[in-house]
């Protein structure tokens, strides 16, 4: 029996493949498996097709001891996970009258008439371990194949989480003698630096270490550093993470604004408050994303000056700023940042200028939008090739602007 088995998660649903639903179930399962010491090497997503689901399960069983499917256990014709698991494991399906009776009881409790198609949910693969579902109508089940298992859970998040934590985790602990290993992770959040520079500065000695492992994940304008440790106890895992974190902070600490659930907007507001500094933000030609994110922070009202939002450049010109129409988006953003900072009597000014409201993305080939940050007669700016109608324009402009403002405040402290 393998003490540290590896798992694979198979998310089932055409709506996930089409982007109509976000697969939060796999994220939950990945973290829960990590916490009980199960390695996860693959996640698969497959649509509502019996053959493709069966093939995905078969492939997963070749490389994982624990295969967890999520979704496809409902009563409709496209809920074919039961049949796919049976096919992948060489079994038939068995009807269980007691399961149907319990499903009928659930519907009765809802004061809803059960329809005939719910009968499908009372079929499970031959010899499967049935997991009754007291919080929904779709029973889950476990099919054992020697030292390997296929665990099929419903796709409704509330039902899946309950069944996994209440029934599947205890089962896995028993079957694979889990409990001697814990896996813990800590995420350090950086801003104002690119992934390639972080990779080079952190160094191969940490990035290629086996325990703890260190990995980078780039988001829009932000890069996360994940430290993951495997140990026999939480205290030992914490000690491993602490030493690696110390080394990382020695090398790239100037870029780290927080950890785990910290946000960039909170870091910026904290930096302003600690220096008794004020901020003004003007977002032109784009919805006020930065202002919206800052408003979620309780202390923002003390440091963010209101009344400086302008929807168009014409509206700003009416505020005694003469603009040269021949200027690029970057030059305009720099001019606006300087103007609003001075006129609002603020310490820091952020300006976003979008010259195109179209949903176009020309990467860096054109300057359709730009961001500028002004602080103590210093200014930094960046131009983009996407219009305000592109979602990434909102993400990049907001994150880059707040990251740059936070970095400039901290750099000023280092220069004093």
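The values are calculated or read from the model by the stated rules, or taken from the named source; none is laboratory data. In this text the structure is predicted, and so the values were computed from the model without any measurement. Please note: Cβ atoms are built from the backbone with ideal geometry, for glycine as well, and neighbour counts cover all protein chains shown.
Please verify whether residue 119 is without any contact (Cβ under 8 Å) to a residue 60 or more places away in the chain and farther than 30 Å from residue 255 by Cα, treating the condition exactly as stated.
Against the criterion (without any contact (Cβ under 8 Å) to a residue 60 or more places away in the chain and farther than 30 Å from residue 255 by Cα), residue 119 qualifies.
Scan the stretch 359-406 residue by residue and report those that are modelled with pLDDT under 85, on the phi < 0 side of the Ramachandran plot and more than 27 Å from the chain's Cα centre (by Cα).
Listed by number, the residues that qualify are 365, 366, 367, 368.
Does the stretch 268-284 hold any residues that are buried (at least 21 other Cβ atoms within 10 Å of the Cβ) and touching a strand residue (DSSP E or B) at 6+ places or on another chain (Cβ under 7 Å), and which are they?
Selection gives 272, 279, 280, 281, 282, 283, 284.
Working carefully through the options 326, 291, 282, find the one that is more than 30 Å from residue 203 (Cβ to Cβ) and assigned to a loop (DSSP other than H, G, I, E, B).
326
When residues of the stretch 114-134 are filtered for being at pLDDT below 80 and touching a helix residue (DSSP H, G or I) at 6+ places or on another chain (Cβ under 7 Å), how many remain?
3
Spot the failing condition for residue 33; the list is (1) in a helix (DSSP H, G or I); (2) over 19 Å from residue 167 (Cα atoms), and only one is missed.
Condition not satisfied by residue 33: (2).
Any residue at all in the stretch 24-41 that's within 27 Å of residue 119 (Cα to Cα) and assigned by TED's automatic domain parsing to the domain that holds residue 133?
Within the stretch 24-41, one or more residues are within 27 Å of residue 119 (Cα to Cα) and assigned by TED's automatic domain parsing to the domain that holds residue 133.
Can you find a residue in the stretch 21-38 that is out of contact with any helix residue (DSSP H, G or I) (no Cβ under 9 Å at 6 or more places or on another chain), under 19 Å from residue 156 (Cβ atoms) and modelled with pLDDT under 90?
Yes, there is a match, as at least one residue in the stretch 21-38 is out of contact with any helix residue (DSSP H, G or I) (no Cβ under 9 Å at 6 or more places or on another chain), under 19 Å from residue 156 (Cβ atoms) and modelled with pLDDT under 90.
If we scan the stretch 342-349, do we find a residue that is within 28 Å of residue 254 (Cα to Cα), assigned to a strand (DSSP E or B), at pLDDT below 90 and in contact with a strand residue (DSSP E or B) (Cβ under 7 Å, 6 or more places away or on another chain)?
No: zero hits.
Quick one: residue 314 ticks every box in (1) over 27 Å from residue 276 (Cβ atoms); (2) surrounded by 16 or more Cβ atoms within 10 Å (Cβ to Cβ) except a single one, so which number is it?
(2)
Suppose we keep only residues that are crowded, with 21+ Cβ neighbours inside 10 Å and under 20 Å from residue 338 (Cβ atoms) within the stretch 292-308. Which one would you say is farthest from the chain's Cα centre (by Cα)?
Taking the candidates together, the pick is 308.
Would you be able to say whether some residue in the stretch 60-79 is touching a helix residue (DSSP H, G or I) at 6+ places or on another chain (Cβ under 6 Å), surrounded by fewer than 23 Cβ atoms within 10 Å (Cβ to Cβ) and under 19 Å from residue 118 (Cβ atoms)?
Scanning the stretch 60-79 turns up at least one residue that is touching a helix residue (DSSP H, G or I) at 6+ places or on another chain (Cβ under 6 Å), surrounded by fewer than 23 Cβ atoms within 10 Å (Cβ to Cβ) and under 19 Å from residue 118 (Cβ atoms).
Does residue 93 qualify as being within 30 Å of residue 182 (Cα to Cα) and touching a strand residue (DSSP E or B) at 6+ places or on another chain (Cβ under 6 Å)?
Judged against the criteria, residue 93 is not a match.
Check residue 261 against each of (1) out of contact with any strand residue (DSSP E or B) (no Cβ under 8 Å at 6 or more places or on another chain); (2) surrounded by fewer than 18 Cβ atoms within 10 Å (Cβ to Cβ); (3) touching a residue at least 12 places away in the same chain (Cβ under 8 Å); (4) closer than 29 Å to residue 309 by Cβ and name the one condition it does not meet.
Residue 261 satisfies all of (1) out of contact with any strand residue (DSSP E or B) (no Cβ under 8 Å at 6 or more places or on another chain); (2) surrounded by fewer than 18 Cβ atoms within 10 Å (Cβ to Cβ); (3) touching a residue at least 12 places away in the same chain (Cβ under 8 Å); (4) closer than 29 Å to residue 309 by Cβ except (3).
Quick one: is residue 151 under 17 Å from residue 7 (Cα atoms) and either without any contact (Cβ under 8 Å) to a residue 60 or more places away in the chain or surrounded by 17 or more Cβ atoms within 10 Å (Cβ to Cβ) (or both)?
Judged against the criteria, residue 151 is a match.
Checking the conditions here, which among 206, 178 is farther than 26 Å from residue 16 by Cβ, buried (at least 16 other Cβ atoms within 10 Å of the Cβ) and without any contact (Cβ under 8 Å) to a residue 60 or more places away in the chain?
When all the criteria are applied, what remains is 206.
Within the stretch 10-32, take every residue that is over 17 Å from the mean Cα position of the chain (by Cα) and crowded, with 21+ Cβ neighbours inside 10 Å and give me the one that is farthest from residue 173 (Cα to Cα).
The extreme case among them is 13.
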